[in-house]
Amino acid sequence: MNKRLQQTALGVALLFGALAPAHAFAATESVSAVAAVPSKTSAADRIIASGTKYLGTPYQYGADASQTGTFDCSSFTFRAFIENGINLPRTADDQMKEGTAVTMATAKPGDLLFFRDNTYPDKAGHVGIYVGNNQMLHASGSKGVTITPLSTPYWQTRFMAVKRVIPLTYTIQSGDTMWKISQSTGISLNSLRTWNWKSVKGDALVTGAQIYISEPDLLMGNPGAEIPHYTVQSGDTLWGISQKLSVTVDKLKSWNSLVSDDIVPGQTLKLNL
């Protein structure tokens, strides 16, 4: 298999693959395999899918951001994000001013990684997209658009910052339902319910309120990251609770190791939505 076919195959694998949780710069030898994901993908999955379709595209410093025949590092990240409705500045240093700073240990797929400029060490000279498994999707000066392990001394010594620029919340509009938001964002209904279990009950939405459209992170102080649960109320039945939460009775029983349908007021049920 030639190099271009290998890169294309890798792009297909990432497009249909789940990206593993992030870890700080752990040693890795090569781009690793990824597991299957549901048909409904997150914003990060779609951004990475946009990027991987350009695998093998040549590098050109100062490439015009309006075309896709060549890329430099920041025109590539600009393209991957703008194709998914997120408008970034054109240069790496300006892109580093956007979003929320997180640590490498808490980095998630879709986060932007920044590296020092060789001439001006206080400025970002390179940017890539974190894809999980300690790897970066970026436009390399020597290889064009590629996926690179972050374990090498070259990248470790130049590492500057991780920024999360994918929106965390969505403001509810008049006429919105959880189903409509799921369809417009490409996020599964179960994920939306899980991330917003404290503030949204069933499909009761309040115009102007905000809901999470990206997985909340306890390290960033987001309470939605707590383990979802339901407290049994007087008169509740498992069937009634299943209807409120759009899950099956069998799932409720499985998540809570219940051998019967018997529940009591005040009992806490875990929700693995």
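The values are calculated or read from the model by the stated rules, or taken from the named source; none is laboratory data. No experiment lies behind these values; they were computed from the predicted model shown. Reconstructed Cβ throughout: ideal geometry from the backbone, glycine too, with neighbour counts over all protein chains shown. In case anyone asks, the SASA skips ligands and DNA or RNA and just uses the protein heavy atoms, side chains included. Shrake-Rupley method; radii C 1.70, N 1.55, O 1.52, S 1.80 Å.
Values as computed for the structure displayed
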| item | result |
| --- | --- |
| Complete set of residues in region 42-60 that are at pLDDT below 95 and among the small types (Gly, Ala, Ser) | Ser42, Ala43, Ala44 |
| Cβ pairs under 6 Å, 6+ apart, first in region 200-212 and open to solvent by less than 40 Å² (accessible area, probe 1.4 Å), second among the charged types (D, E, K, R) and at pLDDT below 85 | Gly202/Lys244 |
| Residue match in region 115-131 (condition: open to solvent by 10 Å² or more (accessible area, probe 1.4 Å) and closer than 24 Å to Ile187 by Cβ) | no |
| Contacts under 7 angstrom Cβ, first residue in region 247-268 being at pLDDT below 90, partner open to solvent by 90 Å² or more (accessible area, probe 1.4 Å) and of a type in the set (Ser, Thr, Tyr), 6 or more apart | Pro265/Ser234 |
| Cross-chain or 6+ apart pairs with Cβ under 7 Å, region 40-63 first and on the phi > 0 side of the Ramachandran plot, then open to solvent by 70 Å² or more (accessible area, probe 1.4 Å) | Gly56/Arg4 |
| All positions within region 136-193 that are within 22 Å of Ala44 (Cβ to Cβ), polar (S, T, N, Q) and in a helix (DSSP H, G or I) | Ser182, Gln183, Ser184, Thr185, Asn190, Ser191 |
